[in-house]
Amino acid sequence: MMREQNVRMVSRRGFLETMFSAGAMVLGVQILPEEAQGAVSWQPSVYLGFEPSGTVVIVAHRSEMGTGIRTALPMVLADELEADWKQVRIEQAIGDAKYGSQNTDGSCSIRDFYVAMRDAGASARLMLERAAAAKWNVPASECKAQSHQVVHAKSGQKAGFGELVALAAKQSVPAKSELVYKTPAEFRYVGKDVPVVDLDGLVTGSAVFGYDAKAPGMLYASIERSPVFGGQLKSYDDSETKKVKGVVATATIDPFKPPHGFQALGGVAVLAENSWAAMQGRKKLKVNWEPGPNASWESGALKQALLEAARKPQKVVRNVGNVEAEFARAAKTFEAEYYVPMLAHAAMEPPAAVAEFKNGKVTAWAPTQNPQAVQDAVSAALGIPKSDVICHVTLLGGGFGRKSKPDYVVEAALLSKQVGRPVKVIWSREEDIKFDYFHTVSAMYFKAATDAKGRPTAWLHRSVFPTIGSTFVAGATDAQDFELGMGLVDLPFDIPNHRAENGGVKNPVRIGWMRAVANIYHAFGIHSFVDELAHAAGRDRVEYLLDVIGSPRKIDLAAQGVKYWNNGQPLEKYPVDTGRLRRVIELAAEKSGWANKKSGQGRGWGIAAHRSFLTYVCAVVEVEVDAAGRVRIPRVDVAVDAGTIVHPDRVRAQFEGAAVFGASLALMGEITGAKGEVQQSNFHNYPVARIHEAPRMTHVHVVPSSELPAGVGEPGVPPIAPAIANAIFAATGKRIRELPVKRHKLA
């Protein structure tokens, strides 16, 4: 039974008045109402407040979808503050630009806000210490914060944070140069397995997800959309729909105007007093569509077009040496083609949102990865200022990038404006799969020349795929820099002659980023081809991979004329470091017992390593293929170098989850189309790995590191598919060049 939690309608002022009671001090912009009696505030950060009792309130401005980020970022701040975790309360932020980016996507939350959280904690700690010094008339240098109090060791005096709030608020905000940060040896929380703050709610069922949100007087909406992307509504008959008990009205949503971005797809909505009535009423709608130009989409034809394009020269995006000259004189050359199909996000919680349009403003509650994108999209759709869109963030039952695209919130806001009541839009599993922002399809062509030891002396990699750029620029076919920077232009191999080429085709459906994005297909192609070359050379695959990577070094892509995205970070801070890549390969091989493995007769091991989101990951996968051709995965070993680790338990959990996610994509993930329509609709024909199909054991081996924090949520996915495919070859002698594995007969 669906569980719903009442959401109390409150104004921004009301929210803040209840969040920070009278007498509180707040580290942040002036967010307390000026007329609140006794309220004091200061402004070095927006993430931290103190209640008069001494309770520390930390604002979680990123979205929680199982990664533990609502715990990890506050851990950093609380640690630097020297707060007692038992006296910390976490409050979820609404969408607001004052927090910086709230887009919980791209594996960048810790990377982008680690320093900001340390600054907030260190600033407040210093101000509390100075307040205590003023209270006791002693030098501030002699006062030290310890476990939610400030101590003057010489006199033995102590004062809790609550006692010092008013005095601390009068202190001048310290300059960044005055801040003294903890050393790693002094950390109380960072690097420790702290229980996630949402654990009790998740275990007891009281945690509020998007599907749980409920507003007084709310109607439920179920929407009939064109089965072909871009189709137009011709007519509809709702006479039978309105006979369904509980149905209140029907309403239309205008189709999007290219580029589609995060606009609503358009369609006919059935609004009812309960979700069942809305869904049953929708079944009785009679709708006629004009399907439009995408009605000709056939996934088989698109596949052939992509493969044919990959066999021809495309736009050169990286060039080192002279590939053609080396191919011409090489004694041996090898060629291979790889294909990765379109994929769906298929998070366990389909999209849902509650929105109320009232007095020209919208208040929304949504499981969104980016409440600021909600503000942008809703304000554009309704023609109201962004400041008049308030987005409250619930917990997310999975995201994977789908829920950073708030079209479903736009639907709820548009319908609320039409009917004059709060509206909850609910997507079924079928809608979630059929109308996704799909992960794009890719065809790849590889060619290599090798020397007497089978080592590549020339390497050509062509990758052809519809670009995510078409989401924002109608008809776009040129790949975005970030897509090229996910495994195509940043190959870390030591090959003297190397060329990467890219081509694109028009996109027939909505596409968008999904967990690991272009790294998924690029890692599959690269490490499958390397495995083929190692086999052709008769060499151990670990030894061969390390040889191809070459000696530890930092690759200067700029010197090669490459425009490299690097997750938006300068190469000086986050270089492409082959030494770190080699280390995770060596660690994964060691921990998996690679040297003692004997593949064959239905049992095999595969390896793949990939740098993505500034993190270095290697996966060794064991597979068993039985006489019926069924694939089982007894064990996965993953070695990870993600720099400084804040929350080890959640890091391990995310790489364990990535192994399951990657196995699902490799073994069975595939979206196909016929006559313009997506053919998959639920888990019966778009399956994800069940218990018996998922890796039985996943061992995560984290490299201790003091390097800058890097990504965690996504980089575990790319090596899994090629490692599985390589293991299947080792077990059966059958090479997988096209995913998913279920397409191939292995018996």
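The numbers here are math on the coordinates, done by the rules we state, and not lab data. All values derive from a computational prediction rather than experimental measurement. Note that we place each Cβ from the backbone using ideal geometry, even for glycine, and neighbour counts take in every protein chain shown.
General observations
- Sorted fewest first by neighbouring Cβ atoms within 10 angstrom, Tyr445, Tyr339 come out as Tyr339, Tyr445.
- If R0 is 35 Å, the Cβ-Cβ spacing of Glu337 and Lys598 corresponds to a FRET efficiency of close to 0.70.
- The H on the amide N of Ser612, modeled in the peptide plane, is under 5 Å from the matching H of Val617, each at least 5 residues off or on a different chain.
- In Hz, Karplus ³J(HN,Hα) per residue of segment 455-460 (6.51, -1.76, 1.60; θ = phi - 60°; x = Gly, Pro): 7, x, 10, 8, 8, 10
- Packing rank of 329-336, 366-373, where each peptide gets the mean count of other beta carbons within 10 Å, highest leading: 366-373, 329-336
- In this structure, Glu142 and Ser101 have a Cβ-Cβ separation that, at R0 = 41 Å, corresponds to a calculated FRET efficiency of about 0.55.
- Proximal charge balance of Val623 [Cβ under 10 Å; K/R count +1, D/E count -1]: +1
- Residues of segment 733-747 falling in the label zone of Ala628, defined by backbone nitrogen less than 19 Å from a point 7 Å along Cα to beta-carbon, are 741-747.
- Full extension of the chain segment joining Glu186 with Arg696 gains 179.9 nm, where the gain is 0.36 nm per residue of separation less the Cα-Cα distance.
- For a label point 7 Å along the Cα-to-beta-carbon line of Met348, residues of segment 502-518 with backbone N under 18 Å: 515
- Rel. contact order, % - alpha carbon contacts under 8 angstrom, at least six apart, the chain: 13
- Where both bridge residues fall in the chain, DSSP classifies roughly 75% of the beta bridges as antiparallel.
- Taking 26 Å as the straight-line reach from the Cα of Lys453, the lysines in range (excluding those fewer than 8 positions away in the same chain) are Lys332, Lys554, Lys597, Lys598, Lys734.
- Unit charges at the beta carbon, dipole of the chain: most positive-side option, Ala336, Ala479, Val150: Ala336
- Pairs over the 30 Å Cα-Cα cut-off, from the set Lys257/Lys286; Lys214/Lys434; Lys403/Lys447; Lys214/Lys405: Lys403/Lys447.
- Ranking of Glu656, Glu572 by neighbouring Cβ atoms within 10 Å, starting from the fewest: Glu572, Glu656.
- The distance between label points at Thr477 and Asn685 comes to 3.0 nm (points 7 Å beyond Cα on the Cα→Cβ vector).
- Recomputing Rg/Rh (Cα atoms, Kirkwood Rh) from the coordinates shown identifies the correct label among [x] 1.00; [y] 1.05; [z] 1.02 as [x].
- Fewest-first ordering of Thr732, Thr394 by other beta carbons within 10 Å of each residue's beta carbon gives Thr732, Thr394.
- FRET E, pair Arg635, Ser177, Förster distance 41 Å, beta-carbon r, rounded to 0.05: 0.25
- Here's the picture: charge each Lys and Arg Cβ at +1 and each Asp and Glu Cβ at -1 in segment 347-467, and of Ala373, Ala448, Val393 the one pushed furthest to the positive end of that dipole is Ala448.
- Where a label projected 7 Å from the Cα of Ala166 along Cα→Cβ would reach, residues of segment 83-126 with amide N under 14 Å: none
- This model, with +1 at the C-beta of Lys and Arg and -1 at the C-beta of Asp and Glu, gives the chain a dipole about its Cα centre of some 880 debye.
- Dipole axis of segment 523-661 (+1 Lys, Arg; -1 Asp, Glu on Cβ), positive-most option in Leu587, Val625, Phe529: Leu587
- Computed magnitude of the charge dipole of segment 576-717 (debye, nearest 20; Cβ of K, R +1, Cβ of D, E -1): 300
- Charge dipole magnitude, Cβ of K and R +1, D and E -1 - segment 211-282, Cα centre, debye nearest 20: 20
- Eligible lysines near Lys144 by straight Cα distance, threshold 21 Å, same-chain separation 8 or greater: Lys86, Lys135, Lys154, Lys158, Lys170, Lys176, Lys182
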